Amino acid sequence: MRCLGIAAGLVADRLFGEPPNKFHPVAWFGSGMKRVEASLWADLRKPGTVYAAVGVGAGAAAGLVVRSTAVAVAVSVAGSELRSVARAIAETAASGDLVAARLELPSLVGRDPSELDSSGIAAAVAESLAENAVDAVIAPVFWAVVGGAPGAAAYRAVNTMDAMVGHRSSRYKNFGWAAARLDDVANYVPARIFALLVAAQSPTRAKDILASVRRYAPAHPSPNAGVAETAVATSLGLELGGPLRYGTTVSNRPTLGSGRRPTPADIPSVIKTVNQAELTALGLLLLVWVACRAAP
C-alpha cells in the first residue's frame, strides 16, 4: 500500500500543484526553523548540528502525526511548480526579453543572473531543473519508500534547512555545515536513481549517459547536482556547467557533457526529460504495488 500512497501523492501534486505559502506546511516549517536559528545561531558547527537535528526531528514527527504517505508526499514534492516556473522563464527568454527573463530567474536559481545571455539563462534553467528534479521529486519519493510519511517529511525538512542555511556564506559556513552535509547524504542515492531514469528514456544512449556521468560528475563541487545535470546534458546532447556567479563570488564550475551550449529553445526538451523521469518513477511505483497485490 505504501507505493500506491506515494503514487497518489505524485498525482496530487500534478493535479493541484503547490498551495499558497500561508497554507503550506513547508512554509510553516521554514518559519519555525527561523526562530530556532535565532535562538541557536553561533559561528560554530555544534549549534548548527543541534539546529539540523531539531529540524529532522520536527519533520519526522510531522510525518508521524499526518500518517498518510500520500499526503506527506503531496506536500513534499514540487515537480509541478518546478516545471511551471521553468516554462514561464523559457517563454520569456525565447521571446527575446532577456531583461524580464533575468528578473524571473531568481525564482528558480540562486546565481546572479544580471550578466547572463540567452544561453546562460537556458543553462541556468536546465541545471536547476535537473538538480531540483532530484530534490523536489525523486528524493522525497525515495525516502517515502524507505520510511513512509515520516521519511518523506524528514527529507523535506533536510532539504528546506539546506536551502535556508546550507550555503557557504560568512554567516552559514560553520552553522550550516551539518544541514548541508545531511542534504548531500540524503540526495546521494536519489541523484543516481534520477540518472538511471534519464538513461532509461534513451536506451540507445544509456551507456553514453552513464559513462558521461562517471566522467564529468566527480569534478562538480556537489556530489549529487553534477550527476543529475550531466545525465540531462548528455541525454540531450548539450553542455551544461561552467563558471557562474553568486553575488560577488565567482564559482569556477566544471563543464558537464560534451555537446553544444543550450539555448532557450532547449528548455522544453529539458522539461520533458525531467517530467518523463517522474512519470517513469510513478509507473514503477504502480508496478510494484500491482506485483505486491498479485503475490500470494
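The values are calculated or read from the model by the stated rules, or taken from the named source; none is laboratory data. In this text, all values refer to a predicted model and were calculated from it rather than measured experimentally. Cβ coordinates were reconstructed from backbone atoms using ideal geometry, including for glycine residues, and neighbour counts include every protein chain displayed.
Summary table below
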item: Selection from region 128-150 of residues that are more than 18 Å from A228 (Cβ to Cβ) and crowded, with 24+ Cβ neighbours inside 10 Å; result: A144, A149
item: Residue within region 66-89 that is out of contact with any strand residue (DSSP E or B) (no Cβ under 8 Å at 6 or more places or on another chain), free of Cβ contacts under 8 Å to residues at least 24 places away in the same chain and not β-branched (V, I, T) present; result: yes
item: From the options R156, R168, residue that is assigned to a helix (DSSP H, G or I) and either more than 29 Å from A62 (Cα to Cα) or basic (K, R) (or both); result: R156
item: Residue within region 150-171 that is among the basic types (K, R) and touching an Asp or Glu at 6+ places or on another chain (Cβ under 8 Å) present; result: yes
item: Close pairs from region 223-246: first at pLDDT 95 or above, partner of a type in the set (S, T, Y) and surrounded by 24 or more Cβ atoms within 10 Å (Cβ to Cβ), Cβ under 9 Å, at least 6 apart; result: G226/Y216; E229/Y216; T230/Y216; A233/Y216; T234/Y216; L240/T230
item: All positions within region 159-168 that are crowded, with 24+ Cβ neighbours inside 10 Å and modelled with pLDDT of 95 or more; result: N159, M161, V165
item: Residue that is nearest to K173 (Cα to Cα), among those in region 28-61 that are surrounded by fewer than 15 Cβ atoms within 10 Å (Cβ to Cβ) and hydroxyl-bearing (S, T, Y); result: S39
item: Members of region 77-119 that are among the small types (G, A, S), in a loop (DSSP other than H, G, I, E, B) and surrounded by 19 or more Cβ atoms within 10 Å (Cβ to Cβ); result: A78
item: Test result for K22, part of a helix (DSSP H, G or I), modelled with pLDDT under 95 and either of a type in the set (D, E, K, R) or closer than 25 Å to A178 by Cα (or both); result: yes
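The rows are residues; the columns are (1) part of a helix (DSSP H, G or I); (2) over 23 Å from L244 (Cα atoms); (3) of a type in the set (G, A, S).
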| position | (1), (2), (3) |
| --- | --- |
| V189 | yes, yes, no |
| L197 | yes, yes, no |
| T204 | yes, yes, no |
| L210 | yes, yes, no |
| R215 | yes, no, no |
| P218 | yes, no, no |
| S222 | no, no, yes |
